[in-house]
Amino acid sequence: MQEQLNQILEDARAQLEGAKTAGETDEVRVRFLGKKGRLTEILRGMGKLSPEDRKTTGQMANQVRNEIEGLLADRFAAVKAAEKEAQFAREKIDVTEPGKARTLGVKHPLNITMDEISRVFRNMGYSIVEGPEVETVFNNFDALNAGPNHPARDMTDTFYISDDVLLRTQTSPVQIRTLLSAKPPIKVISPGRVFRCDTPDATHSPMFHQVEGLLVDEGVTMADLKGTLDSFAKQLFGTSTRTKFRPHHFPFTEPSAEMDVSCFKCGGKGCRVCKGSGWIEILGCGMVHPSVLEVGGLDTEKYTGFAFGLGVERVAMLKYGVDDIRLFYENDMRFINQFK
């Protein structure tokens with residue numbers, strides 16, 4: 001039996017030297033030390049030995065087990081080290097190879113324009129407020145003095161979600177929300193998206209952006225409106241810019257006007273941009289209609305105000321010489337990268 005133990009030790013040593021992986025090493029462990037392993041079978045047969053032989057054989061068996069376990073530990077460590085080295089070789093990274101260039105995005109021209117407009121009015125003391133793009137018919141039309149028969153309420157012009165809910169056609173509903181939630185003095189602008197049933201072409205889009213402005217306080221006059229917008233135009237387009245106001249009609253302002261600025265391309269001499277007139281229309285404005293102020297519960301004998309709204313796309317097209325509004329929405333990086 002002692003000869004068998006010596007043979008088991010030699011066989012285990014030989015097989016472990018040939019084990020190349022952790023799996024093969026574990027198979028050797030099971031083959032010699034497992035429940036049905038060769039050394040285990042020897043230990044089970046010790047009961048047939050005499051007490052003297054059992055003591056001697058037991059000591060030798062334990063010594064053989066300890067040696068095999070030591071050989072296993074050494075082999076497991078060697079195999080794991082070899083596997084790690086092989087993994088490092090497979091996953092080697094050439095740090096001298098140049099990396100992939102990352103293309104950085106740029107600010108969209110509409111965001112640039114909206115930020116410039118907002119900056120001018122913030123410098124005048126205006127706060128920025130926002131409103132939902134999904135609006136009620138009341139806020140979008142009724143409260144703004146656009147009666148049931150107003151043409152803008154037709155389904156050919158407005159996206160209706162239900163009889164009482166729609167996608168806002170203008171940022172003017174923010175006026176109503178502000179009048180209902182704040183008390184004068186009120187001095188706010190509201191940039192945002194609006195929606196109308198337009199067929200996309202070079203100058204029309206079913207979705208575009210506006211900036212709405214509202215000022216309400218005691219003693220506000222048309223002169224305040226003209227002075228504010230004249231200062232805005234000079235800050236946005238240059239100090240030599242001139243402004244002109246033409247009578248117009250909006251249901252929520254009275255009197256109403258449209259404002260033109262002198263062409264910033266030709267200085268008012270006449271060119272392709274201004275179609276030879278020397279002037280460019282950029283916004284609508286007027287004194288807030290008393291009916292609109294009454295919706296906010298304001299005393300129209302005490303308070304007056306003015307409002308204005310301008311299209312961001314129109315300003316951007318004029319400022320950057322873009323001749324097709326669809327370019328803003330095609331996500332063509334060749335176009336957007338020009339505004340770095």
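Using a 10 Å cut-off on Cβ atoms, rank the peptides 222-232, 155-165 from the highest mean neighbour count down. Could you put the intermediate results ahead of the total?
Numbers: 222-232: 17.3, 155-165: 11.3.
Answer by packing, highest mean first, reads 222-232, 155-165.
Mind listing the long-range amide H neighbours of TYR303? Cut-off is under 5 Å, sequence gap 5 or more, other chains count too, H placed in the peptide plane at 1.01 Å from N.
The list, which skips near neighbours in sequence, is empty: none.
Output needed for region 108-168: three equivalent-ellipsoid semi-axes, defined as square roots of 5 times the C-alpha gyration tensor eigenvalues, in descending order, whole Å.
Values: eigenvalues 175, 40, 24 Å².
They are 30, 14, 11 Å, listed from largest to smallest.
Which residue, chosen from ALA182, PHE32, GLY278, occupies the Cα position most advanced towards the positive end of the dipole of the chain, where the dipole is computed from +1 (Lys, Arg) and -1 (Asp, Glu) charges on Cβ about the Cα centre?
Result: PHE32, furthest along the dipole toward the positive end.
Please list, in order along region 208-214, the HN-Hα scalar couplings obtained from phi with the Karplus expression 6.51 cos²θ - 1.76 cosθ + 1.60 (θ = phi - 60°), rounded to whole Hz, x for Gly and Pro.
8, 10, 10, 10, 9, x, 8
What list of ³J(HN,Hα) couplings, whole Hz, do you get for region 158-165 from phi and the Karplus terms 6.51, -1.76, 1.60, once you set θ to phi - 60° and write x for glycine and proline?
Couplings: 10, 8, 9, 8, 8, 4, 10, 10 Hz.
Compute, for region 109-339, the length of the dipole vector about the Cα centre, with Cβ point charges of +1 (Lys, Arg) and -1 (Asp, Glu) only. Units Debye, rounded to 20. Provide the component values of the computation, followed by the final result.
Details: 23 positive and 29 negative charges, 212 e Å.
Taking the Cα centre of region 109-339 as origin, the dipole is about 1020 debye.
Could you work out the relative contact order of the chain? I mean the mean sequence separation of Cα pairs under 8 Å and 6+ apart, divided by the number of residues, in percent. Let's see the in-between values first.
Numbers: 502 pairs, mean separation 51.1, N = 340.
Reported relative contact order: 15 percent.
Convex hull volume of the Cα atoms in region 204-291, per residue, in Å³? Intermediate results must be reported in sequence, preceding the final value.
Values: hull volume 10.9 nm³, N = 88.
Dividing the Cα hull volume of region 204-291 by its residue count gives 124 Å³.
Dividing the alpha-carbon radius of gyration of the chain by 2.2 N^0.38 Å (N being the number of residues), what value is obtained? Working shown, then result.
Numbers: Rg = 42.0 Å, N = 340, 2.2 N^0.38 = 20.2 Å.
Output field value: 2.09.
Going by C-beta contacts inside 10 Å, put GLU135, GLU254 in order with the fewest on the left.
Details: GLU135 25, GLU254 15.
Placing the least packed residue first, the sequence is GLU254, GLU135.
5 Å is the cut-off here: which amide hydrogens, built 1.01 Å from N in the peptide plane, fall below it relative to GLY286, excluding neighbours closer than 5 in sequence?
Result for GLY286 returns ALA257, ALA307.
Can you grab the distance from the C-alpha centre of region 66-123 to the C-alpha centre of region 228-277, Å, no decimals?
Between the Cα centre of region 66-123 and that of region 228-277, the gap is 54 Å.
Just to check, using Stokes-Einstein with a Kirkwood Rh over alpha carbon pairs, what's the diffusion coefficient of region 90-220 at 10 °C and 1.306 mPa s in µm²/s? Walk me through the numbers before you get to the answer.
On the way: Rh = 17.7 Å.
Translational diffusion coefficient: 90 µm²/s.
Are there cysteines in the chain with no other Cys C-beta under 4.7 Å, and if so, which?
So far as the 4.7 Å Cβ criterion goes, CYS197, CYS285 stand without a partner in the chain.
Counting other Cβ atoms within 10 Å of each Cβ, which GluC sites (Glu not before Pro) in region 26-108 have at most 10 and sit in a DSSP loop?
Values: sites: GLU27, GLU41, GLU52, GLU67, GLU69, GLU83, GLU85, GLU91; in loops: GLU91.
Sites meeting the loop and neighbour criteria: GLU91.
Determine ³J(HN,Hα), in whole Hz, for all residues of region 128-141 in sequence, where each value follows from phi through the Karplus function 6.51 cos²θ - 1.76 cosθ + 1.60 and θ = phi - 60°; x replaces Gly and Pro.
Using θ = phi - 60°, the values come out as 9, 10, 10, x, x, 7, 8, 10, 8, 4, 4, 5, 7, 10 Hz.
Over region 2-90, consider all pairs of different Cα atoms and compute the Kirkwood hydrodynamic radius from their mean reciprocal separation; express it in Å, one decimal.
Numbers: mean 1/r = 0.0712 Å⁻¹.
Taking the inverse mean of 1/r over all distinct Cα pairs, region 2-90 comes out at 14.0 Å.
Along Cα→Cβ, 7 Å out, is where each label goes; now give me the distance between the ones at LYS244 and TYR329 in nm to one decimal.
3.2 nm
Charges only on Cβ, +1 for Lys and Arg, -1 for Asp and Glu: so what's the dipole of region 202-340 about the Cα centre, in debye to the nearest 20?
Numbers: 15 positive and 17 negative charges, 204 e Å.
For this selection, approximately 980 debye.
Amide H neighbours of THR253 under 5 Å, at least 5 residues apart or on other chains, H built in the peptide plane: list them.
Placed amide hydrogens put HIS289 under 5 Å from THR253.
Laboratory data are not the source of any read-out in this text; all were calculated from the coordinates shown. Here the structure is a predicted model, which means the values were calculated and not measured. So basically every Cβ, Gly included, is an ideal-geometry build from the backbone, and we count neighbours across all protein chains shown.
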